[in-house]
2 protein chains.
Amino acid sequence: MEKKCIGVGLMGFGVIGSQVGRVLLEREGHISEQAGCHVKLRRIKVIEQDLGTPKTEGIDPALFTTDEDAFFNTPDIDIIVEVIGGVKPALSYHERALKAGKHIVTANKELIAKHGFKLMELAKKHNVGINYEAAVGGGIPLIAPLQKDLVANNIEGIYAIINGTTNYILTRMSLEDIDFAPVLSEAQKLGYAEANPRNDIEGIDAAYKLAIMASLTMETRVRPEDIYCEGISKLESRDFGYASELGYAIKLLAIARNNSDSVEVHVYPAFVPDDSFLAKVDGVYNAVLIEGDLVDKVTFWGEGAGAKPTSSAVVANIIQAARKIACGDTSHSYWKVKPGKKIKPMSEITTRYYIRLNINDMPGALAAIAGVFGDCGISISAALQKEDNIEEKSAEIVIMTHPAKEEAMQAALKELNNLEVVKKINNFIRVEE
Amino acid sequence: MEKKCIGVGLMGFGVIGSQVGRVLLEREGHISEQAGCHVKLRRIKVIEQDLGTPKTEGIDPALFTTDEDAFFNTPDIDIIVEVIGGVKPALSYHERALKAGKHIVTANKELIAKHGFKLMELAKKHNVGINYEAAVGGGIPLIAPLQKDLVANNIEGIYAIINGTTNYILTRMSLEDIDFAPVLSEAQKLGYAEANPRNDIEGIDAAYKLAIMASLTMETRVRPEDIYCEGISKLESRDFGYASELGYAIKLLAIARNNSDSVEVHVYPAFVPDDSFLAKVDGVYNAVLIEGDLVDKVTFWGEGAGAKPTSSAVVANIIQAARKIACGDTSHSYWKVKPGKKIKPMSEITTRYYIRLNINDMPGALAAIAGVFGDCGISISAALQKEDNIEEKSAEIVIMTHPAKEEAMQAALKELNNLEVVKKINNFIRVEE
């Protein structure tokens with residue numbers, strides 16, 4: 001059955017919602033032409049506080065409602081656009097929409113990361129689509145390339161700088177030789193970090209986005225809690241100095257590796273070689289490197305957040321969904337699971353490591369430390385020792401290892417802690433080549 | 001009408017064709033699953049010389065034919081994949097396929113750049129699609145993002161490093177302080193440049209790709225011959241030295257700028273700021289920066305050529321086309337033209353310039369040169385003068401200008417040539433900020 005006019009209902013009228021609303025209203029002609037059918041915004045679900053604010057100026061007041069039932073009972077809505085964010089009440093809105101046979105377009109990373117599989121099962125049952133391009137990387141096309149353009153490939157790996165706040169902080173720390181705390185508070189003043197920055201700086205936001213990309217491409221149910229996650233608050237300016245000396249940048253990486261029977265997923269700060277593409281991604285920008293067995297490496301770079309870029313992705317999804325409805329295309333893309341495929345435990349991951357230690361500067365110190373690595377089967381690729389404090393007879397040592405298992409590394413760290421010559425393990429950071 | 005099995009006919013079995021053929025045969029299950037219908041390779045049109053070569057090993061000989069009629073008369077072919085390249089005989093194959101109501105997937109940049117509008121008219125008449133993702137940037141998703149993912153935007157500009165051969169040569173020249181000729185001959189030995197490298201080094205290949213991207217996004221019929229085109233053979237190692245001193249890299253850029261009533265399209269070597277993303281694209285890699293009014297800047301980076309990356313794009317197009325046929329989606333995307341929109345003449349382009357001159361080192365020389373720029377209404381932003389050859393009393397001067405019209409710049413160059421103090425205009429290169 002062909003439909004000539006597709007109705008859109010918009011839920012949420014914050015920074016992103018109001019931008020999406022304006023684009024839908026101001027570009028109705030262009031959007032309809034691209035969709036091949038009339039695409040019409042029919043209702044906007046707002047909260048009481050939004051009404052009468054400058055955001056609503058110039059928009060027909062009859063479009064707004066604060067009432068959930070009035071919103072869902074609006075006739076002729078085919079696509080529900082949810083840009084509220086968070087799980088509550090968004091999850092119940094999604095379920096209500098899907099059960100009513102409505103297609104969904106959303107920018108809600110937390111909801112899709114946590115409940116994507118469940119929602120897709122429901123969508124499948126009601127033969128509608130869930131579109132979530134805007135949930136990952138703002139306006140950077142990522143979901144569509146993974147879902148369509150790179151679909152001939154076996155996706156082997158995803159390496160992503162996918163959180164602008166942390167990349168801004170790391171860029172500042174590396175350029176200016178300052179520690180984490182002052183940069184964070186400046187980022188907060190500039191609006192690059194939220195008042196409660198935990199989700200960003202602890203890597204939780206990046207883990208949501210990684211869960212979505214890995215679930216889409218790696219035939220495994222990857223939930224945020226399956227992702228080993230380390231944030232950037234433990235980094236010190238000294239680490240950036242050593243990284244630079246050794247030829248590396250430090251980036252918060254979200255990594256997914258696809259093996260035939262398992263998937264590795266983790267978010268952590270990592271050393272990346274200075275001459276690699278990811279090392280060059282500075283400031284609030286995002287970049288996602290995708291490895292496919294045919295395409296080798298492709299990287300997508302751009303602004304990963306913000307109202308306008310996000311609206312670009314949301315509206316593109318609306319156009320695609322409208323086009324499909326209009327021409328009766330009922331094929332939708334849902335996540336698949338290959339039975340038996342597992343998430344690899346962190347202890348089994350193999351990588352290289354950087355370790356920075358404070359030691360008592362006494363004869364045999366380096367030998368004792370090197371001995372621990374040897375005992376744990378870890379081979380050292382480089383060691384730097386610098387005189388630190390002659391009066392206190394303490395020095396700082398930096399060790400770079402060859403690839404080693406995380407389990408062995410954790411055992412080594414434990415033993416190092418027990419060594420008399422070791423005053424403190426200042427930091428240890430993984431190295432991605 | 002829903003179709004359960006979609007037939008594919010493959011034309012061309014060279015480096016790319018044989019890779020596409022193998023992917024279609026070896027991944028038939030995966031491809032069919034992604035397409036939502038059985039996708040079957042039914043016939044391969046080869047040339048006599050291909051038969052019996054290692055490329056054909058293990059493939060059912062009945063699939064091959066050297067006969068055009070036998071190929072086109074094969075029953076149940078829905079999609080024709082053309083990876084022969086060039087205009088003859090590919091154009092006639094395309095026309096024959098379209099007239100027979102078959103969808104096209106192609107990697108043929110020259111054909112689409114030169115005859116895309118004509119072919120799309122024919123395709124429209126027969127209600128079939130032309131898919132050409134592989135014609136631009138190998139496996140890097142570019143056409144689909146421009147066609148779908150960024151479609152809510154007004155595309156304001158495209159800045160592309162879209163030819164691997166020239167980027168490899170420029171990267172070597174900038175790193176190693178050597179001139180063009182020896183690098184080219186090495187690139188030819190390594191297989192990065194063809195025996196007849198004209199299409200690459202003169203920017204013609206880049207112009208084909210730019211014509212396609214601009215025609216797709218800027219509502220104007222952009223043919224390759226509409227694109228002002230300068231190659232890289234005029235560059236000398238001294239230019240890279242000055243560029244570096246001034247904080248720039250030199251890249252061969254394909255540029256399209258979208259104005260409301262005109263389009264600017266050109267390919268030329270340009271200074272790009274060292275800290276820009278495009279300056280960091282090294283070696284045979286391609287990168288395309290797209291500016292949209294919502295998304296701001298997004299960049300796509302990867303291998304722009306090669307059999308495997310190209311097959312990734314070709315097979316993705318086959319899957320999309322099959323999916324559309326299978327579910328009866330007859331909406332196809334064709335290029336649009338806005339009446340009255342023109343290609344801006346090169347003389348009206350405004351940009352900054354770098355000029356390198358050899359002068360007679362005599363009193364008043366710089367004043368005379370600066371006077372010419374002043375007379376032509378061009379303002380100078382920086383000037384470097386170095387003693388070059390004391391015996392011959394000649395020196396080299398480098399001038400950087402503020403933005404100026406190409407017409408004024410060409411007039412200035414003419415006048416400079418007439419000045420007694422000017423021995424030679426060694427080079428002039430445009431500057432993109």
- Could you please let me know if residue A:416 is crowded, with 18+ Cβ neighbours inside 10 Å, touching a helix residue (DSSP H, G or I) at 6+ places or on another chain (Cβ under 6 Å) and away from every other protein chain (no Cβ under 14 Å)? yes
- Task: Return yes or no: is residue B:247 at pLDDT below 95 and not acidic (Asp, Glu)?
- Result: no
- Taking the stretch A:381-403, which residues are crowded, with 16+ Cβ neighbours inside 10 Å and either of a type outside the set (S, T, N, Q) or within 14 Å of residue A:348 (Cα to Cα) (or both)? A:395, A:396, A:397, A:398, A:399, A:400
- Task: Evaluate the stretch A:149-158: report whether one residue or more is among the acidic types (Asp, Glu), within 30 Å of residue B:36 (Cβ to Cβ) and either at pLDDT 95 or above or in a loop (DSSP other than H, G, I, E, B) (or both).
- Result: yes
- Item | Extreme residue, surrounded by the fewest Cβ atoms within 10 Å (Cβ to Cβ), among residues of the stretch A:277-307 that are at the interface with chain B (Cβ under 7 Å from one of its Cβ atoms) and within 17 Å of residue A:213 (Cβ to Cβ) | A:297
- Report whether or not residue A:406 is buried (at least 16 other Cβ atoms within 10 Å of the Cβ) and of a type in the set (Asp, Glu). yes
- Determine if the stretch A:52-75 includes at least one residue that is more than 14 Å from every other protein chain (Cβ to nearest Cβ), within 30 Å of residue B:219 (Cβ to Cβ), surrounded by fewer than 18 Cβ atoms within 10 Å (Cβ to Cβ) and in contact with a helix residue (DSSP H, G or I) (Cβ under 8 Å, 6 or more places away or on another chain). yes
- Which of the residues spanning the stretch A:123-148 are facing another protein chain (nearest Cβ under 10 Å) and assigned to a helix (DSSP H, G or I)? A:133, A:143, A:144, A:145, A:146, A:147, A:148
- Task: For residue B:156, indicate whether it is in contact with a strand residue (DSSP E or B) (Cβ under 8 Å, 6 or more places away or on another chain), surrounded by fewer than 23 Cβ atoms within 10 Å (Cβ to Cβ) and among the acidic types (Asp, Glu).
- Result: yes
- Name the single residue, out of those in the stretch B:255-276 being under 20 Å from residue B:212 (Cβ atoms) and polar (S, T, N, Q), that is surrounded by the fewest Cβ atoms within 10 Å (Cβ to Cβ). B:259
- Query: Quick check: anything in the stretch A:307-327 touching a residue at least 40 places away in the same chain (Cβ under 8 Å) and assigned to a strand (DSSP E or B)?
  - Reply: no
- Query: So which residues in the stretch B:308-345 are surrounded by 16 or more Cβ atoms within 10 Å (Cβ to Cβ), in contact with a helix residue (DSSP H, G or I) (Cβ under 7 Å, 6 or more places away or on another chain) and more than 10 Å from every other protein chain (Cβ to nearest Cβ), if there are any at all?
  - Reply: B:322, B:335, B:343
- Task: Give B:172, B:198 a once-over and let me know the one that is more than 14 Å from every other protein chain (Cβ to nearest Cβ), without any contact (Cβ under 8 Å) to a residue 24 or more places away in the chain and surrounded by 17 or more Cβ atoms within 10 Å (Cβ to Cβ).
- Result: B:172
- Message: Scan the stretch B:76-85 and tell me whether some residue there is farther than 19 Å from residue B:314 by Cβ and surrounded by fewer than 10 Cβ atoms within 10 Å (Cβ to Cβ).
- Response: no
- Item | Test: residue A:365 is assigned by TED's automatic domain parsing to the domain that holds residue A:80 and surrounded by 15 or more Cβ atoms within 10 Å (Cβ to Cβ) | no
- In the list A:422, A:372, which residue meets the criterion of being farther than 24 Å from residue A:250 by Cβ and surrounded by 15 or more Cβ atoms within 10 Å (Cβ to Cβ)? A:372
- For the stretch A:95-113, indicate whether the set of residues that are farther than 29 Å from residue A:266 by Cβ, within 14 Å of chain B (Cβ to nearest Cβ) and of a type in the set (A, V, I, L, M, F, W, C) is non-empty. yes
- Message: Considering only residues that are within 24 Å of residue A:111 (Cβ to Cβ) and polar (S, T, N, Q), which ones fall in the stretch A:36-82?
- Response: A:49, A:65, A:66, A:73, A:74
- Query: Which residue pairs have Cβ atoms closer than 6 Å, lie 6 or more positions apart in sequence or on different chains, and pair a first residue in the stretch A:67-83 that is in contact (Cβ under 8 Å) with a residue 40 or more places away in the chain with a second residue that is surrounded by fewer than 16 Cβ atoms within 10 Å (Cβ to Cβ) and aromatic (Phe, Trp, Tyr)?
  - Reply: none
- Message: Six or more apart or on different chains, Cβ atoms under 9 Å: show the pairs whose first residue is in the stretch B:219-245 and on the phi > 0 side of the Ramachandran plot and whose second is part of a loop (DSSP other than H, G, I, E, B).
- Response: B:219/B:335; B:219/B:336; B:219/B:337; B:219/B:338; B:219/B:341
- Message: Can you report the number of residues in the stretch B:176-195 which are surrounded by 14 or more Cβ atoms within 10 Å (Cβ to Cβ) and in a helix (DSSP H, G or I)?
- Response: 6
- Counting only residues in the stretch A:17-34 that are within 12 Å of another protein chain (Cβ to nearest Cβ) and within 29 Å of the chain's Cα centre (by Cα), the one nearest to residue A:81 (Cα to Cα) is identified as A:20
- Right, residue B:134: crowded, with 24+ Cβ neighbours inside 10 Å, in contact (Cβ under 8 Å) with a residue 60 or more places away in the chain, assigned by TED's automatic domain parsing to the domain that holds residue B:213 and touching a strand residue (DSSP E or B) at 6+ places or on another chain (Cβ under 9 Å) or not? no
- Item | Subset tally (residues that are farther than 14 Å from residue A:78 by Cα and not aliphatic (A, V, I, L, M)) for the stretch A:1-55 | 25
- Query: Of all the helices (runs of 4 or more DSSP H) wholly in the stretch B:1-119, which have at least 2 residues that are under 30 Å from residue A:330 (Cβ atoms)?
  - Reply: B:15-26, B:28-35, B:90-99
- Note on the structure: By residue number, the members of the stretch A:389-419 that are in a loop (DSSP other than H, G, I, E, B) and within 23 Å of residue A:249 (Cα to Cα) are A:402, A:403
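Residues checked against (1) β-branched (Val, Ile, Thr); (2) over 30 Å from residue B:16 (Cα atoms); (3) within 19 Å of the chain's Cα centre (by Cα):
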site: B:234; (1), (2), (3): no, yes, no
site: B:248; (1), (2), (3): no, yes, no
site: B:274; (1), (2), (3): no, yes, no
site: B:290; (1), (2), (3): yes, no, yes
site: B:296; (1), (2), (3): no, yes, no
site: B:301; (1), (2), (3): no, no, yes
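The values are calculated or read from the model by the stated rules, or taken from the named source; none is laboratory data. None of the values given here were measured: they were computed from a predicted structure. Positions of Cβ are backbone-derived with ideal geometry, glycine not excepted, and every protein chain shown enters the neighbour counts.
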